[in-house]
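Throughout, read-outs are computed from the coordinates displayed, never taken from laboratory work. Owing to the predicted nature of the structure, the values given are computational and were not obtained by experimental measurement. Because the Cβ atoms are built from the backbone with ideal geometry, glycine has one as well, and the counts that use them run over all protein chains shown.
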Amino acid sequence: MFLGRHDHALDEKGRTMMPKRFRDRLVELGDKSVWITNALGSPAHLDVRPDSLFQDYFQRVSRLKNTPMLVDFKRYYFGSALEVEVDAAGRILIPAQLRHRCKLADKIAIVGVDDQRFQLWDPEALDAKQAETAAKSGDVMDHLAELGV
């Protein structure tokens, strides 16, 4: 699983260290690369999926009947997706066009969200989003109860 928040430096080339547990998950999956792409819901973060899970997600979405909204999603999500190798030091290079979109500069927050993906955030933007979520925690709990959790 990809869980937890990990704050790291982002070097001048746009590289950051992937958390060890996340690298271990890649090894479990037999992957040596990840796909970094635009995330829905906020312009302040990026989605990252291991290669095998990205390929599976791509196939599932590709089998759906195209609608105007689905075509928009494909263009936004898959059209911005870039495959990135994890180097021998355990770092990933965040492509410049995606880095600039999220205003990632010298610090980055890597946040695990489930067993499929993790997210890349500017730490201040993530702090603001977390405060927003905390402020509506009652609504979140109600929604989870509706979902049966």
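Under a Gaussian network description of the chain, with springs only between Cα atoms under 10 Å, the residue in 137, 80, 62 that fluctuates furthest is 137.
Projecting the Cα atoms of 30, 44, 68 onto the charge dipole of region 27-74 (Cβ charges, centred on the Cα centre) puts 68 farthest toward the positive pole.
Between amide H atoms placed 1.01 Å from N, distances below 5 Å from residue 107 occur with 10, all of them 5 or more places distant or on a separate chain. The helix-based estimate of mean residue ellipticity at 222 nm for the chain, built from -39,500 (n - 2.57) per DSSP H run of four or more residues and divided by its residue count, is -12000 deg cm²/dmol to the nearest 500.
Taking 0.36 nm per residue of separation and subtracting the Cα-Cα distance, what length does fully extending residue 11 through residue 124 add?
38.9 nm
Size of the chain from its Cα atoms: along the principal axes, largest to smallest, the extents are 44, 38, 30 Å.
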